[in-house]
Amino acid sequence: VLDVGGFDLDRVLAERPDFLEQEYSFEWAGIFDLPAGDALLECGNGPDPEIGFMLLPVNDGADAMERVIAAAEPAFAEHEASLADGPVAPGEEVSRLPVPEAGSRNQVVLRIPQAGRYALVTEHGPEEFDLVLRLAGGQTVQHLESRAFVAAHSHDEQVTSVGLSGDGEISTEKLNDWLGPLLATQGQDIFRMKGILSIEGQDRRFVFQSVHMLMDGRLDRPWKPEEERRNEMVFIGRNLDREQLQQGFRECFV
């Protein structure tokens, strides 16, 4: 499995430098300074009938965005979003804002319990739905900082993603024993797989990608002395069994 030349990974990386970046279940997060009271999240027409979002309280600190990401990823990836049919308070649940027809706008009330910093995390980029955050008086609120993310989802609701990560070294024999049968039996449903692995006995990263049953991988640059040798894999496809993939991945470690 680790020596199949099904694709030219160098060409892919030249065309898409962010190809091996970690993918998330959301596309954007922004941190806002909001007063106590009600704010309005407003959207226009977009490519989906709904847009998922969540509002999180944010503590001050240099790693504020990293803590937002850590809280938002499992919420978006693992939980069914509920329809935002009333005021939405900050919390760890994802809500769905219905998208209106072209030429009109829709909004939902965000109930801010106390003045402070809050993160708005959205399933798709705000520009896709002309998403705006306003105070109750109509004033637009600008974010203090924001970050866009590589998305692991698509606008097809049947397509899902599973991200796997873990510390330690991977056994090539165990990895082959897992990925070979997996791609042979489920390759038609695995649209794309990619990752960066720390292989036993190697001081260089192993990077790979696959499309359906074809896979390409190679040894990449050396691991940096201060760099955490962390294994990351992402699956995108239909009928993905998260627990089964997690179990198979865990069994690949030395």
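The values are calculated or read from the model by the stated rules, or taken from the named source; none is laboratory data. Here the structure is a predicted model, which is why all the values come from computation and not from measurement. Note that each Cβ is placed from the backbone with ideal geometry, even for glycine, and that neighbours are counted across all protein chains shown. Only protein heavy atoms, including side chains, enter the accessible area calculation; ligands, DNA and RNA are left aside. Shrake-Rupley method; radii C 1.70, N 1.55, O 1.52, S 1.80 Å.
Couple of notes before you dig in:
- Of the residues examined, residue 244 is not one that is open to solvent by 60 Å² or more (accessible area, probe 1.4 Å) and in contact with a His (Cβ under 7 Å, 6 or more places away or on another chain).
- Considering segment 189-246, and only residues there that are touching a residue at least 24 places away in the same chain (Cβ under 8 Å) and acidic (Asp, Glu), the residue that is nearest to residue 169 (Cα to Cα) turns out to be 200.
- Hey, residue 209 assigned to a loop (DSSP other than H, G, I, E, B) and not hydroxyl-bearing (Ser, Thr, Tyr) or not: no
- Only residues that are assigned to a loop (DSSP other than H, G, I, E, B), open to solvent by 50 Å² or more (accessible area, probe 1.4 Å) and either on the phi > 0 side of the Ramachandran plot or touching a strand residue (DSSP E or B) at 6+ places or on another chain (Cβ under 7 Å) (or both) were counted across segment 183-198, and they come to 1.
- Test result for residue 233, touching a helix residue (DSSP H, G or I) at 6+ places or on another chain (Cβ under 8 Å), at pLDDT 85 or above and either open to solvent by less than 20 Å² (accessible area, probe 1.4 Å) or more than 29 Å from residue 78 (Cα to Cα) (or both): yes
- Strands (runs of 3 or more DSSP E) contained in segment 17-87 and holding at least 2 residues farther than 27 Å from residue 161 by Cα: 28-34, 37-43
- Applying a threshold of 9 Å to beta carbon distances and a minimum spacing of six or more residues, or different chains, the list of pairs starting in segment 136-156 at a residue that is over 16 Å from residue 51 (Cβ atoms) and ending at one that is at pLDDT 85 or above and part of a loop (DSSP other than H, G, I, E, B) reads 150/27.
- Pairs linking a residue in segment 169-181 that is closer than 15 Å to residue 215 by Cα and modelled with pLDDT of 90 or more to a residue that is open to solvent by less than 50 Å² (accessible area, probe 1.4 Å) and aromatic (Phe, Trp, Tyr), with Cβ atoms under 8 Å and 6 or more positions apart or on different chains, are 178/249.
- Taking segment 61-75 as the range and being open to solvent by 20 Å² or more (accessible area, probe 1.4 Å) and touching a strand residue (DSSP E or B) at 6+ places or on another chain (Cβ under 7 Å) as the test, the residues that pass are 71, 73.
- Sole residue being in a loop (DSSP other than H, G, I, E, B), open to solvent by 50 Å² or more (accessible area, probe 1.4 Å) and more than 30 Å from residue 87 (Cα to Cα), chosen from 137, 201: 201
- Verdict on residue 228 being surrounded by fewer than 16 Cβ atoms within 10 Å (Cβ to Cβ), modelled with pLDDT of 85 or more and not aliphatic (A, V, I, L, M): yes
- Just one of (1) open to solvent by 60 Å² or more (accessible area, probe 1.4 Å); (2) in contact with a His (Cβ under 9 Å, 6 or more places away or on another chain); (3) at pLDDT 85 or above fails for residue 47. It is (3).
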